[in-house]
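Here is the structure we will look at, set down as structure tokens.
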Amino acid sequence: MVEPLRRVSREERERLIREAGLNIFAVPADSIFIDLLTDSGTSAMSDDQWAGLMVGDESYAGSRNFFHFQLAVREIFGYQHVIPTHQGRMAENLLFSTVLKAGDVVPNNIHFDTTRANVEHQGAEAVDLVIDEGLDPVVEHPFKGNLDPAKLERLLRERGGQRVPLVMITVTNNSGGGQPVSIANVRAVREVCRRHGVPLIFDACRFAENCWLVKTREPGFERRSVAEIAREMFALGDGCTMSAKKDGLVNIGGFVALNNGEWAERITNLLILIEGFPTYGGLAGRDLEGMARGLHEVLNEDYLEFRIGQVAHLGEMLELAGVPIVKPVGGHAVYLDAKRFLPHIPQAQFPGQALVVALYREFGIRSVEVGSLMFAHRDPQSGETVYPRLELVRLAIPRRVYTTEHMRYVAESVIQLYRDRERLRGLRLTYEAPVLRHFTARLAELSAAEAAGAAR
Ligand code: P61
């Protein structure tokens, strides 16, 4: 599929972002030149996937595409019970509504925002236990997504009174810079879970990218195929949630896959109530076919080498010019370190979002803030605002969409903005919703005097 790109004038961008309340989610997509908001649902489908859509069987029950999809998930992930959903957060919602109760605790390396919100929606507590290196944007470590087994052990011992119905690992760790998790780490976490009798569930959105990074970074895996590495990883767990909008190479789709038949049965009952019949789960038959084919295609190593290489190349261009980024570059995105990019803007003034706004206003590039707008929250006890350690701007690269030339334009734009960074000013909120506020928040730019006053 070839799509035209539209170049919008600086004046028009200025107007559009102002009307959007400085929220990039509210800018119409056809006014974006290069769209790096997300790699979710934005990838290009292959000829084979498009052909698959044409053999969609839209039977209400027992569509043949469901069986193709079920087989693909069983082959790749190895879990017996396969429950289709329309996207990842529904998989999370169904799983957590079924197994969590108020007061429970869910550990993860770092919960993605929808995962955290769905845990908290059940009145449970989402605890992030990534290794310390994973919270430091500068330190080099091949597997900064690893979940710290010692922190997990401590939590499971100390929270004896609270239930921990499952442990999650997000591969790759999106909120921590798209960083991979090693197989050795999954084994270590598995061992802690086994000793405490707690199931291990993967958030598998970017499993193929994680497994490619295992192949290229973890000793002993160089000669193993990515498909074999994936099988080995998932065999260490009890199930997964999946947004197939990432490594399923589709525009919509997801699933829960589990070994636990009792959980699967309860989830299926809820699925029928709120999502759809068990053999389509909120999707059309053709979507299931696209997903079945995409899940196999994403394991193609020529594709993965190009994919991960393209993201790394963008990172290298930026690094060479001294732009502060999260190192090493992970799977699906380059993350700008807004704290070091804009050290004159305190976190209370949303430096990440200021960078997002400037990248659009000046260059027509859409990125997304993964920092205080997304994650800062009020501590229920002290009433104080708690800011996330990492203040990042993500340049997420859709799969099979952009060329190296596009990446060069992005790099040159970011580098130019970095040279001019002192001009940028902080922002303040003018509207926020009670949950997942970054989607609908409205903001305003601080005047020079306000910025100086607030910083003091
Ligand atoms: C993304 F700004 N990610 O990265 P769904 N787990 C993980 C994800 O990365 C993820 C989901 C679960 C998105 C889309 C997105 O505030 C935002 O299919 C590791 O999107 O429901 C999604 O999967 C949820 C972007 C989601 C956002 C929420 O861009």
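With a requirement of 3 or more residues that are touching a residue at least 60 places away in the same chain (Cβ under 8 Å) and away from the ligand (no atom under 16 Å from the Cβ), the helices (runs of 4 or more DSSP H) lying completely within segment 1-120 that satisfy it span 10-19, 47-53, 64-77. Count of segment 63-74 residues, restricted to those that are surrounded by fewer than 23 Cβ atoms within 10 Å (Cβ to Cβ) and either modelled with pLDDT under 95 or within 24 Å of the chain's Cα centre (by Cα) (or both), is 3. Of the residues screened, Val414 is one that is away from the ligand (no atom under 16 Å from the Cβ), under 25 Å from Pro28 (Cβ atoms), among the aliphatic types (A, V, I, L, M) and in contact (Cβ under 8 Å) with a residue 60 or more places away in the chain. Evaluating Leu200 against the criteria (1) farther than 22 Å from Asp113 by Cβ; (2) surrounded by fewer than 24 Cβ atoms within 10 Å (Cβ to Cβ) leaves one unmet condition, (1).
When Leu320, Leu304, Leu314, Leu295 are checked against the criterion of being in contact with a Cys (Cβ under 9 Å, 6 or more places away or on another chain) and over 30 Å from Tyr431 (Cα atoms), a single residue qualifies: Leu304. The residues on offer are Arg307, Arg286, Arg340, Arg293, and the sole one that is open to solvent by less than 20 Å² (accessible area, probe 1.4 Å) and of a type in the set (D, E, K, R) is Arg307. In the set Arg400, Arg425, only one residue is open to solvent by 50 Å² or more (accessible area, probe 1.4 Å), assigned to a loop (DSSP other than H, G, I, E, B), over 25 Å from Pro324 (Cβ atoms) and of a type in the set (D, E, K, R); that residue is Arg400. Examine segment 324-337 for a residue that is part of a helix (DSSP H, G or I), among the basic types (Lys, Arg) and either at pLDDT 95 or above or more than 16 Å from the ligand (Cβ to nearest atom) (or both), and state whether such a residue exists. For segment 324-337, residues part of a helix (DSSP H, G or I), among the basic types (Lys, Arg) and either at pLDDT 95 or above or more than 16 Å from the ligand (Cβ to nearest atom) (or both): absent.
The residues in segment 371-391 that are surrounded by 13 or more Cβ atoms within 10 Å (Cβ to Cβ) and out of contact with any helix residue (DSSP H, G or I) (no Cβ under 6 Å at 6 or more places or on another chain) can be counted, and the count is 4.
Of all residues in segment 326-349, those satisfying the criterion of being within 13 Å of Val370 (Cβ to Cβ) and among the hydrophobic types (A, V, I, L, M, F, W, C) are Val326, Ala333, Val334, Leu336, Ala338. Screening segment 185-293 for helices (runs of 4 or more DSSP H) wholly inside it with 1 or more residues that are within 21 Å of the chain's Cα centre (by Cα) and within 16 Å of the ligand (Cβ to nearest atom) returns the ranges 207-217, 226-235.
The values are calculated or read from the model by the stated rules, or taken from the named source; none is laboratory data. Source: prediction; values computed, not measured. Please note: Cβ atoms are built from the backbone with ideal geometry, for glycine as well, and neighbour counts cover all protein chains shown. These area figures cover heavy atoms from the full protein model, side chains too; ligands, DNA and RNA do not enter into them. Shrake-Rupley method; radii C 1.70, N 1.55, O 1.52, S 1.80 Å.
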